[in-house]
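Trainee: Have a look at the structure that comes next, please.
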Amino acid sequence: MSFSTPRFRRVLLKVSGEALMGNRQYGLDVDMVERVAGEIRSVQSMGVQVCLVIGGGNIFRGISGAATGMERATADYMGMLATVMNALAMQSALERIGVATRVQSAIPMSSICEPYIRRRAVRHMEKGRVVIFAAGTGNPFFTTDTAAALRAVEMGCDALLKGTQVDGVYTADPKKDPRAERYDSLGYLEVLSRDLKVMDASAITLARDNNIPIVVFNLHHAGGFAEVMLGRGLFTIITNEA
Ligand code: UDP
């Protein structure tokens, strides 16, 4: 169904660290960060309140650190610090194109950004600022997917958007299996029972318990984020109803 005005009033966009890597093997691709910033600006200029959770997998993942013998919790803290770097890069790209932003970190870093304060974050959004949530949940053994679902619930978002490299959820990896088919809609339980790789199970469960739709779309498709807001283009929506 297509709409003439945005279907959501407030959304949280989860951007993985990998999405910011572009075609590189590691770190940030400046062009990619700028492109994503442009996508966010176009949705914000439609009057939608936008907040972001940025991953850190392009720099450091706790699980890889643990595999080298490092204590898992310590490695996870390093992963969370990586998300702060990405958040600052995104803040800089957004502000360069005139979008007011605030970064709030779940691990306080008062010289760099604000600490996470829920009511303050809501107020920023009401004032039209894009709030970027950094450092995940602030707890080891979690992921930024779970942080995204948690913040979406806390902020009272109407939807959790997951920008990926493909235009929705498929029966199999479309890059490996040419017969893979895309779902238009899915139920949370189907995602869990079929073990579809959308977000981790705790993120899906949190979204399900709080009835927040998850919309999976292609962040690499120019104008894709704005299209999804209008119910156009290709995406998969995950709700209780499917
Ligand atoms: N992380 C964590 N707790 C959180 C969020 C993230 O410990 O609440 C750590 C974890 O080590 C993870 C890393 O931060 O591997 C980077 O986040 P993630 O892998 O979710 O990033 P993405 O895959 O989205 O780029």
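Just so you know, all these numbers are worked out from the coordinates, no wet-lab data involved. Computed from a prediction, not measured in an experiment: that's the story for all the values here. Ideal geometry is used to build each Cβ from the backbone, glycine not excepted, and the neighbour counts take in all protein chains shown.
Trainee: Applying the selection to region 216-233, what residues are assigned to a loop (DSSP other than H, G, I, E, B) and either over 16 Å from Pro6 (Cα atoms) or of a type in the set (D, E, K, R) (or both)?
Mentor: Answer for region 216-233, where residues must be assigned to a loop (DSSP other than H, G, I, E, B) and either over 16 Å from Pro6 (Cα atoms) or of a type in the set (D, E, K, R) (or both): Leu219, His220, His221, Ala222, Arg232.
Trainee: Next up: Could you say whether any residue in region 206-215 is among the β-branched types (Val, Ile, Thr), assigned to a helix (DSSP H, G or I) and either surrounded by fewer than 16 Cβ atoms within 10 Å (Cβ to Cβ) or out of contact with any Ser or Thr (no Cβ under 7 Å at 6 or more places or on another chain) (or both)?
Mentor: No, region 206-215 contains no residue that is among the β-branched types (Val, Ile, Thr), assigned to a helix (DSSP H, G or I) and either surrounded by fewer than 16 Cβ atoms within 10 Å (Cβ to Cβ) or out of contact with any Ser or Thr (no Cβ under 7 Å at 6 or more places or on another chain) (or both).
Trainee: Could you tell me which residue of region 1-31 is nearest to Ala100 (Cα to Cα), considering only residues that are within 13 Å of the ligand (Cβ to nearest atom) and surrounded by 20 or more Cβ atoms within 10 Å (Cβ to Cβ)?
Mentor: Among those that are within 13 Å of the ligand (Cβ to nearest atom) and surrounded by 20 or more Cβ atoms within 10 Å (Cβ to Cβ), it is Leu13.
Trainee: Please name all residue pairs, on different chains or six or more residues apart, with Cβ atoms under 7 Å, provided the first residue is in region 227-242 and is surrounded by 19 or more Cβ atoms within 10 Å (Cβ to Cβ) and the second residue is among the β-branched types (Val, Ile, Thr) and assigned to a helix (DSSP H, G or I).
Mentor: What qualifies is Met229/Val43; Phe235/Val228; Ile238/Val191.
Trainee: Which of the residues belonging to region 139-174 are small (Gly, Ala, Ser) and either within 30 Å of Gly98 (Cβ to Cβ) or within 14 Å of the ligand (Cβ to nearest atom) (or both)?
Mentor: Answer for region 139-174, where residues must be small (Gly, Ala, Ser) and either within 30 Å of Gly98 (Cβ to Cβ) or within 14 Å of the ligand (Cβ to nearest atom) (or both): Ala147, Ala148, Ala149, Ala152, Gly156, Ala159, Gly163.
Trainee: What about Gly136, is it of a type in the set (Gly, Ala, Ser) and more than 8 Å from the ligand (Cβ to nearest atom)?
Mentor: So Gly136 does not fit the description; no.
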